[in-house]
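Worksheet for the structure shown next.
Values in this text are rule-based calculations from the coordinates and carry no lab data. Predicted model, so just to flag it, every value in this text is computed and none were measured. When we count neighbours, we look across all protein chains shown, and the Cβ atoms used for this are built from the backbone with ideal geometry, even at glycine.
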Amino acid sequence: MSIWRVQGGYPLEGSLTIQGAKNAVLPVLAAAILTGCETELTNVPALRDVEASLEILRQLGCVVQRQGGTVAIDSRNVTGCRIPRELTGQMRSSIVFLGAILARCGQARIAMPGGCELGPRPVDLHLAAMEALGAEVRVEQGEIVCRAPGLTGGTVHLALPSVGATENAMIAACAARGETILTGAAKEPEIVELQGFLRVLGADVEGAGTSVIKIRGMRPVRHALWRVMPDRIVGATMLCACACAGGDLELRGLDPAHVGSVAEELAAMGAQLDAGTRRLRIRCGGRLRGGRTIVTEPYPGFPTDAQPLMMAASLKAAGRTTFVENIFDHRYRQAAHFAAMGADIRLDGRRAVVTGVERLRGARVEAEDLRGGAALIIAGLGAEGETEILDRGHVARGYEGFDRVLSALGGHIKIDPARQE
Ligand code: UD1
């Protein structure tokens, strides 16, 4: 448990390179066991969810070494096919290992991940995809049990464009006999990234970034090298932080198209954005304007992960900003804490209406989930006085040295060491 102490009122200025993407590296780590090769990954962020994934790989029998941002995985001797509750409890998205374990071992046992801070996290689409590839799926004593001595390609249709289910289906299909056509696939940049990595592993896969992905098996290689893409949600976080605190930031490394929907909203609110090749500059002077309706949708729509961050940016914007959250049920948990800081927010089911206030004041609040925690830190940067954010480790799941990064840009922020995890 730690406490973030944020002294508001200091604009953010300077440039920063965006860290490697959490949501891109997790499926890549899972896919690394697919063929039994030696993989070297670079630009791997130091995050709690990444550490939990490396621990899963070790438990499965891989030799894993990390040196700074480089992670070497030797998956030639995978000996296990089970992820117990202790590990799924540490990282809810461990379901992303299902397809890879099943493909490699012919069976997989994964403790049910259960709900999370954002609400129930069903896995029906993941399981249906494995069944469509010929696996037998059961749930036994809280464990998902999949068996498929040989997976068979075919048509796999996802009723919803689930990111994780698309990743699982792509990974498992690489080991299937014959061609797999995946329809209704998610189109997020992390899916394109996974396709790139699977190709480096020797897979014949195309179509990522569209709703139809074709996989025609693989010719395994012995060594694979991959650099993890920059994190678009961290990029969105920095844009929203600048919008809330004011300032002039240059984000480097990031593909501006990956944060297009967020940048568009901020520009409509009055921020100045200039995109270049793998760089994006944001400048925010006076008060932003509200009036927008922000609806979360699958990519390229506005990302649900950026909704709490954008809400932080809208708290002081003149007029009303409406949010419609379409992806997760419990994604407004930050709202009550914003209200404690003086924000005016009305919640009504999937909708939240923010009426901009002139000023926010520091308060004692709590991070209840990863992006909600980051959003409170952002709001603290734009508030008067000190904001104390109690955090049970949520922010470190997705942000590498967030205090250090913000301090280097002029933010006044520290983590209370006495109560740090
Ligand atoms: C991923 C991201 C997460 C992001 C989310 C949506 C990772 C590690 N996490 O999560 O940060 O917020 O995409 O962009 O990449 N659903 C079902 N049945 C299923 C699976 C999902 O009904 O079997 C529903 C979910 O409840 C949710 C929606 O589909 O309403 C989208 O979820 P999904 O795209 O699967 O999210 P994740 O892959 O878990």
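Quick notes on this one:
- Tilt relative to the chain, helix 370-381 - C-alpha long axis, 0 to 90 degrees, to 10: 20 degrees
- Alpha-carbon centroids, the stretch 68-137 and the stretch 142-158: separation in whole Å: 12 Å
- Lysine pairs in the chain with Cα atoms under 29 Å, if 8 or more residues apart or on separate chains: 5
- FRET efficiency estimate (nearest 0.05) - Cβ-Cβ, Arg350 to Arg320, R0 22 angstrom: 0.85
- In nm, spacing of pseudo-spin labels at Asp416 and Lys214 (7 Å Cα→C-beta vector): 5.9 nm
- Two-site FRET efficiency, Arg252 against Thr155, from Cβ-Cβ distance with R₀ of 51 Å, rounded to 0.05: 0.75
- FRET efficiency, Thr277 to Thr70 (Cβ-Cβ, R0 25 Å, nearest 0.05): 0.45
- Loop-located GluC sites (Glu not before Pro) across the stretch 291-374 with a Cβ neighbour count of 16 or fewer within 10 Å are Glu358, with loop assigned by DSSP.
- Burial ordering of Cys240, Cys146, fewest other beta-carbon atoms within 10 Å first: Cys146, Cys240
- Loop-located trypsin sites (Lys or Arg not before Pro) across the stretch 326-421 with a Cβ neighbour count of 16 or fewer within 10 Å are Arg350, Arg359, Arg392, with loop assigned by DSSP.
- Distance (nanometres) between label positions extended 7 Å along Cα→Cβ at Ala339 and Glu13: 3.8 nm
- Both numbers refer to the Cα atoms of the chain; Rg and Dmax are 21.4, 63 Å.
- Descending by average beta-carbon neighbour count within 10 Å, the peptides 19-25, 209-215 line up as 19-25, 209-215, the highest first.
- Estimated distance in nm for a label pair at Ala268 and Val221, the labels positioned 7 Å out from Cα along Cα-to-Cβ: 4.2 nm
- The chain - mean residue ellipticity at 222 nm from DSSP helices (-39,500 (n - 2.57) per run, n ≥ 4, rounded to 500): -8500 deg cm²/dmol
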